[in-house]
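The values are calculated or read from the model by the stated rules, or taken from the named source; none is laboratory data. Not measured: the values here are computed from a predicted model. Here the Cβ positions follow ideal geometry from the backbone for every residue, glycine too, while neighbour counts run over all protein chains shown.
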Amino acid sequence: MGFLKGTATFSRFRLPSGGADLDEGEFERRLKAFSFRDFFPLEAEHNMGWTSLEDVLDSSFRRHPPTVGPFRLFCLRKDRRAVPAALLKLRCLEAERRFLSERGVKRLYRNQRDTIREEVRRDLTEKAEAVPTFTDVCWSLRDGIVYFGSLSPREMQDFVDMFRRTFDLEAVLLDPARDLPPGEGEAPPFMHRDFLTWLWFKAQERDGTVAIDDTEEVEVLFVRRLVLASGEGEYAEQVICSGRHADLREGKEAVRQGKRIKEARLRLTRDTARWEFTYKADTASFSAMKIPAPAEEAEEGEDGDGMLLERIYLMERAAVTMDLLFGRFAAVRLSPAWEEEAARMERWANRSA
């Protein structure tokens, strides 16, 4: 429940239409139509629906309306009956031996073994206790971006499918390279990894400060962990560097060998706010984000909407700042100035860590 408290992990999805045509009344009608129901067919392996973000037992949204200020806040609940593979294997062996003993035969045909396995799996699934998971959802009405509190590809696909069924809207994983202004040019392969590598170079070149525009700078520090990679699929190579500081020889050596940063733990400071998070370049997503404490703690009994809105605003601000840094990088990467910048990066990488 990272949107409410603790560290936040999230991927981001853009709505091509922004969802602006879906007014509050229609939104709530559709949300409730696909809210979580306790009914769980015995043959089903999972049951899925929307609940309240602030109270996962409230699937009617009576206590906590889902629209709070410029955000729509709710939660995806998924109950899944899982049968451990080892248990399934053991029960299948037992059932097969009973089958052979009862019929007085010495071997099973393939179709008989498949039938036994399916019957055992169905029986175990029906008896299994459903395990629930809850994933936060924050729909920002201002920019048509949906924040989803998971990085799991399977959970993300379930969310996209459920969102489409509910709102008849296609949520597309946000890609800063795809969202560049017209005329910027086509993004080269692994541009996101080039971005993090450039950001490391820029932060070290300028003693931790990086400009996000002509008037403002932010502080960016690479702390504790870097993951560098090259290639894809069976040709992929990866190096993980960890420690108190990311200024490690292994990292520089990996850059010299042509690897680029695909994941890094960053400490970001803008004005007086400071965040720490792991940024995953390939999906422009955030993991284990430490969000600055609200300026003022809510008093006991006070409506918590103000604190919740401030927390989400701070979460958004960190993500927007990273997008601004990416835009700054893209302006150089897709221009003739990149040749000179790449030469400076090469000289930086060749200096000893």
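Data table
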read-out: Matching residues in region 254-271 - criterion: being outside any strand (DSSP E or B) and in contact (Cβ under 8 Å) with a residue 12 or more places away in the chain; value: ALA254, VAL255, ARG256, GLN257, GLY258, LYS259
read-out: All positions within region 333-353 that are touching a residue at least 60 places away in the same chain (Cβ under 8 Å) and among the hydrophobic types (A, V, I, L, M, F, W, C); value: LEU334, MET345, TRP348, ALA349, ALA353
read-out: Options ALA211, ALA187: the member that is modelled with pLDDT under 90, within 30 Å of VAL239 (Cβ to Cβ) and more than 15 Å from the chain's Cα centre (by Cα); value: ALA187
read-out: In region 216-264, residue modelled with the lowest pLDDT [restricted to those that are surrounded by 12 or more Cβ atoms within 10 Å (Cβ to Cβ) and on the phi > 0 side of the Ramachandran plot]; value: GLY243
read-out: Top-ranked residue of region 123-135 - restricted to ones that are out of contact with any Leu (no Cβ under 6 Å at 6 or more places or on another chain) and closer than 30 Å to SER287 by Cα, ranked as surrounded by the fewest Cβ atoms within 10 Å (Cβ to Cβ); value: GLU129
read-out: Where a residue in region 163-178 is without any contact (Cβ under 8 Å) to a residue 40 or more places away in the chain and its partner, wherever it lies, is part of a helix (DSSP H, G or I), with Cβ under 8 Å and at least six apart; value: none
read-out: Number of the exception - ARG274 against (1) of a type outside the set (Ser, Thr, Tyr); (2) closer than 14 Å to ALA8 by Cβ; (3) at pLDDT 95 or above; (4) not in a helix (DSSP H, G or I); value: (2)
